[in-house]
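Trainee: If you scroll down you'll find the structure; I have some questions about it.
Each value in this text was obtained by applying a stated rule to the coordinates, not by laboratory testing. Remember, predicted model here, so these are calculated numbers, not experimental data. With ideal geometry, Cβ positions are generated from the backbone for all residues, glycine too; neighbour counts draw on all protein chains shown.
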Amino acid sequence: MPEVYNWQLGRKMLYPYEERHPKWQFAFVFNINRCLACQTCSMADKSTWLFSKGQEYMWWNNVETKPYGGYPQFYDVKITQLIEQVNPGGQVWNVRVGRKHHAPYGVFEGMTIFDAGAKVGQAAIGYIPTDQEWRFVNIYEDTATSMRALVEGIDKTGFSKEEPWKMTGSSLPEHETFFFYLQRICNHCTYPGCLAACPRKAIYKRPEDGIVLIDQNRCRGYKKCVEQCPYKKPMYRGTTRVSEKCIACYPRIEGKDPLTGGEPMETRCMAACVGKIRMQSLMRIGEDGLWAEDRWHPLYYAIRVEQVALPLYPQWGTEPNGYYIPPRHSPRGYARQMFGPGVDNAIEKYLVPSRELLAVLQLWRASQQIVFRYDVIPGPKVFETQIHGKRFEMYNDTVLGFNKSGKEVARVQVEEPIYIRPAERVTWL
Amino acid sequence: MPVWQMYLVHFQDYDLDTVHQICRTPKDLIVRWARDSGTIKPAAIHNGEGVTHYFHMTPNGRAAAMVLIITGNVGKFGTGQHTWAGNYKAGTWTATPWSGAGLSVHTGEDPFNITLDPNAHGKEIKTRSYYYGEEVGYWNHGDTALIVNTPKYGRKVFTGKTHMPTPSKLRWVVNVNVLNNAKHHYDMVRNVDPNIECLITQDIEMTSDVNHNDIAFACNSWMEFTYPEMTVTVSNPWVQIWKGGIRPLYDTRNDLDTFAGVAAKLSDMTGDKRMRDYFAMVYANRVDVYAQRMLDASSTFYGYSADVMLKSEKGWMVMVRTYPRHPFWEETNESKPMWTRTGRYENYRIEPEAIEYGENFISHREGPEATPYLPNAIFTTNPYCRPDDYGIPITAQHHDDKTVRNIKLSWHEIMRHSNPLWEKGYQFYCVTPKTRHRVHSQWSVNDWVQIYESNFGDPYRMDKRTPGVGEHQIHINPQAAKDRGINDGDYVYVDGNPVDRPYRGWKPSDPYYKVARLMIRAKYNPSYPYHVTMAKHAPYVSTAKSVKGHETRPDGRAIAIDTGYQSNFRYGAQQSFTRNWLMPMHQTDSLPGKHAVAWKFKWGYQVDHHAINTVPKECLIRITKAEDGGIGARGPWEPVRTGFTPGQENEFMIKWLKGGHIKIKV
């Protein structure tokens, strides 16, 4: 099996195909801290692409409550369990090697789904969820852990009449009892598990934008993609007997939506986001296969410069192109298992953001057009305080976003502007 | 003695240990919150709307406001106490001396002096209201006011004269599904509505209100309005002027057409054309004239042209006084006084009712039903708090007795008394917050909403017991459930106080009791303390016909056999275990406040502002197992067999929750 370079793992890894890269790569950053799980994204996606017969169980976009929720049920626990069986106790990140441009999170010394797959004679390790497991898309919404209970047995006196005061609370930096929302679409991976798995070569990655698609004419519905995508984002449709997956609303990426006059536009799930947690763009790929240096690209800045956004389950080895600002209250061990060893740095950066990061974060959902470059106009200092013992200064800077043609499409300031109308417009409630 | 000196006396009861015992908040977090409130500038309290739905919302709201008042966090941007109510919008169309009568030019036009000139300015409209507001909460209280026979004074009326309801002869509601959302729902259906001569509703969906009414008008949704509309919420800085949307999908009419149609018919029958004249612009399809009059007559909008805005290609949003919208901005930053007796913020209530009810000071009160201790007790030993118990014994259990009985005690004394209901095994609080997946109670049975709404959404309905493509659930602490033999996903019965729930006069042998008794899926959720459960607000209730539907249809769906009404339950509803409570402090005749739509004082009843404008969630419930959760009631619900679910984690899952399947070599 050929070897390819996975920068998220800081090393080469096995993959069934030679390393090849698109010119641009579809990528996104979701800020978990802002999500309220309203599911407007899910409904936007469902009502655009997934309302037909045979698609009843399909949600290309879903938002699940972690740690118990998952669509299909417990997919991430199950993948972790499958790898664990092949490589018990061996999922190790080595951060002693230090952070380098080619290995920003250190080196992963454990097994990817491809490494583990090789052990069992498959392109990648995986499983096909049963029909029962595709039910209950929003299972365990808003359900928290009770970590203390796991350790000590559930404290029955917690709210009982006898001893109501034996309660302890949670506070930052880590909430012992926690949940958070995880927003998921296809990650349009650099090394897709689905593409590796397909015996018909019906799955391809578009050279122009890295979007991963299933050729509906070539697919014969063997479900190998369903089995070997660890994120479980290809889904089988019984009525057509072929599989389908998120298409990253590619007509919009191509600028075909009349609203933007030919300029690339963000997908339905991104543009509909009420909580302003989502931002999406295209990353230019360099000759070495990594993202080309692009200092004034908002996502490049967030992911590669500040490293405030991290890939989802990078240890699975598909080099996903979806990134997350991790939940600031999550126990760090759980978050590292999900986003890798960069979690501590990312949360620290987010909790006490730099002046530039705070400005750039205002760009989330400031435009329907895809932003390719930003600029910051400095403003005055308006606030300062201590956050967890660290000094934080807030400047009312203005951030500008530019589309692919370099035209300004967003202009937002850090502080919400205030307007007062003349006295005759009085409300006086 | 000055108020703050008295409060220093009052606060002596509220030491850290006692407050911790009352609210169960960890002490270090109470201290931290107090410190943060005093040092972080600006600071705001966003308490959500649900908190205001409890019996003691008044002391709660006053307490939060007091913290902000004494820390200087009122009326400045970034400060204030906020809920997310969607009503209280009328004040945006405020009457002023220079603009005119505000909203009243439409809602209060003098019916004996109607302006028919479409070009008349809003200021020219003659207003004179012949209607008065009355709260639906009294209908929900057996259609009676709050009147108690007290040992000390005999018959005592606690409902103020300005609040006094009349017996309900006719109920006509618009787009509110009021019966579905009423506390004590099955009592309303069984014991109250049969005495009302005519029930009319207009709605955009097949709701339970529609199913129980004499007349239902099918109306256009917002998307389908063919008339212009304006709206705003009290927390939103923008008024939206809306010119109408898509063509109606079905044979439906605008809400306004129903009133206009009835008025026209009444004119035909009586020969008096004034009823028709009152809606003249509706028949002429010139509703924009009414919009223009309201714009003309209110301070926010005078000078704006409805015609320009409605004909414009752009959508229009008109800004109110400030952006962001901020309550009390004018009182804090300009010379406007508060609408109080002193013109200032008031933390002490001098109204005679407040003194009598022991609420001149802000104290903690236990709930009238949802407490393990003495119901409705006032926690204070402050000598300046002097409530009247009307001689009602401490053992009295009637809901109205508990509602009005004012007893002040030390916290130790309050805890010493047991609530008999608790002793009988009703040991769960049940909170009913709104869900994020619906709009209030709308779209409860839309397929995708049902699927997302709970742990049990399944478009293929593998378990044929599921009433629709999803169903309602009650969140419960895993250990509390296990102690009662209830597994995650099981069906359970939920019972409220048997004295009057699900409805007054129920008998186990009554066929309607089976319809009304709640059966619901249990969902393990360690987020909830042992004695707290949660079921979301306003799913579509079971009706006799929806029960007959799932008991007789081959597919088992809970669909009413005639209308096609879909229920979210097999049996009962979350209103099976609730009842109405009429808070005395909401019914005074002496409390001053701003008139809803004008710059003038109003004492006592004020629609939405000082009234029984909410029916509290105030109940204890008992939970018992009904059926196994597995498909066809065979064994446990499938997901719990994995070992990955809350409260039943296997060794691998416990390690996974702790992040133990990744190691970091540092």
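Trainee: Apply the a/c threshold of 1.5 to the C-alpha gyration tensor of the range B:488-639 and tell me whether it is rounded, prolate or oblate.
Mentor: prolate
Trainee: Rank these for me by crowding, B:R286, B:R190, going from fewest to most other beta carbons within 10 Å.
Mentor: Fewest-to-most ranking of B:R286, B:R190: B:R286, B:R190.
Trainee: Same structure, new question: Can you sort A:E424, B:E651, A:E319 from fewest to most other Cβ atoms within 10 Å of each residue's own Cβ?
Mentor: B:E651, A:E424, A:E319
Trainee: Shielding of B:436-442 by partners, i.e. mean partner chain Cβ atoms within 10 Å per residue?
Mentor: Across the residues of B:436-442, the mean count of other-chain Cβ atoms within 10 Å is 2.
Trainee: At q = 0.21 Å⁻¹, what is the base-10 log of I(q)/I(0) for the range B:11-131 according to the Debye formula with one equal point scatterer per Cα and no solvent? Please give it to two decimals.
Mentor: Debye output, listed in q order: -1.22.
Trainee: Under 16 Å between alpha carbons, and skipping anything fewer than 8 positions from A:K349 in its own chain: which lysines qualify?
Mentor: Counting by Cα, and skipping residues close in sequence, A:K349 has these lysines nearby: A:K390.
Trainee: Now, a different point. Given Cα pairs under 8 Å that are at least 6 residues apart, what percent is the relative contact order of chain B?
Mentor: 16 percent
Trainee: Listed here are the pairs A:K223/A:K404; B:K169/B:K265; B:K27/B:K536; A:K66/B:K545; which of them are more than 27 Å apart at the Cα?
Mentor: Table pairs above 27 Å Cα-Cα are A:K223/A:K404; B:K27/B:K536; A:K66/B:K545.
Trainee: Follow-up. Please compute the modelled spin-label separation between B:S312 and B:D268, points set 7 Å along Cα→Cβ, answer in nm with one decimal.
Mentor: 4.0 nm
Trainee: How long are the semi-axes of the ellipsoid equivalent to the range B:120-177, from square roots of 5 times the Cα gyration tensor eigenvalues, in whole Å, largest first?
Mentor: Three semi-axes, in Å: 34, 17, 8.
Trainee: What nm distance separates the two modelled labels at B:S590 and A:V274, each placed 7 Å from Cα along Cα→Cβ?
Mentor: 4.4 nm
Trainee: No solvent, one uniform scatterer per C-alpha: report log10 I(q)/I(0) for chain B via the Debye equation at q = 0.06, 0.10, 0.12 1/Å, two decimals.
Mentor: Debye curve over Cα of chain B, log10 I(q)/I(0) at q = 0.06, 0.10, 0.12 Å⁻¹: -0.39, -1.12, -1.52.
Trainee: Another question, if that's okay. Using a cut-off of 14 Å between alpha-carbon atoms, which aspartates and glutamates can reach A:K233, once sequence neighbours fewer than 8 places away in the same chain are excluded?
Mentor: A:D45, A:E64, A:D76, A:E133, A:E244
Trainee: How large is the charge dipole for the protein assembly as shown, taken about the Cα centre, if only the Cβ atoms of Lys, Arg (+1) and Asp, Glu (-1) carry charge, to the nearest 20 debye?
Mentor: For this selection, approximately 1500 debye.
Trainee: Distance between Cα centroids, the range B:380-450 to the range B:133-182: provide it in whole Å.
Mentor: Their Cα centres are 19 Å away from one another.
Trainee: Please give the Cα centre distance for the range A:407-429 versus the range B:37-73, rounded to the nearest Å.
Mentor: 25 Å
Trainee: Still on this model: Taking Cα centroids, how far is the range A:329-388 from the range B:256-305 in Å?
Mentor: One Cα centre to the other: 53 Å.
Trainee: Quick check on packing: order A:206-216, A:268-278 by the mean number of other C-beta atoms within 10 Å, highest mean leading.
Mentor: Per-residue Cβ counts within 10 Å, averaged per peptide and sorted highest first, yield A:268-278, A:206-216.
Trainee: Please report, in whole Å, how far the alpha carbons of the protein assembly as shown spread along each principal axis, starting with the longest.
Mentor: The principal-axis extents, from largest down, are 91, 68, 66 Å.
Trainee: How would B:H440, A:H297 line up from fewest to most surrounding beta-carbon atoms within 10 angstrom?
Mentor: So the residues, fewest neighbours to most, are B:H440, A:H297.
Trainee: Next question, about the same structure. Rounded, prolate or oblate: which fits chain A when a ≥ b ≥ c are the square roots of the eigenvalues of the alpha-carbon gyration tensor, with rounded for a/c under 1.5 and prolate only if a/b beats b/c?
Mentor: The shape class here is rounded.
Trainee: List the lysines whose Cα sits under 22 Å from the Cα of B:K602, skipping any in the same chain fewer than 8 residues away.
Mentor: Leaving aside lysines fewer than 8 places away in the same chain, those within reach of B:K602 are B:K89, B:K126, B:K161, B:K336, B:K594.
Trainee: Over all residues in B:649-661, what is the mean tally of Cβ atoms on other chains that come within 10 Å of each residue's Cβ?
Mentor: For this peptide, the per-residue mean of nearby foreign Cβ atoms is 6.
Trainee: Something else now. Which of the three applies to the range A:302-349, rounded, prolate or oblate, going by the alpha-carbon gyration tensor with a ≥ b ≥ c and a/c under 1.5 meaning rounded?
Mentor: The shape class here is oblate.
Trainee: Continuing with this model, one more query. DSSP loop (so not H, G, I, E, B), at most 12 other Cβ within 10 Å: list which trypsin sites (Lys or Arg not before Pro) in the range B:88-160 pass both filters.
Mentor: Of the trypsin sites (Lys or Arg not before Pro), the ones in loops of the range B:88-160 whose Cβ has at most 12 other Cβ atoms within 10 Å are B:R128, B:K152.
Trainee: Count, for each residue of A:331-344, the Cβ atoms from other chains sitting within 10 Å of its Cβ, then give me the mean as a whole number.
Mentor: Across the residues of A:331-344, the mean count of other-chain Cβ atoms within 10 Å is 3.
Trainee: Where both partners of a DSSP beta bridge lie in chain B, what percent of those bridges are antiparallel, to the nearest 5?
Mentor: Roughly 60 percent of the beta bridges in chain B run antiparallel, per DSSP.
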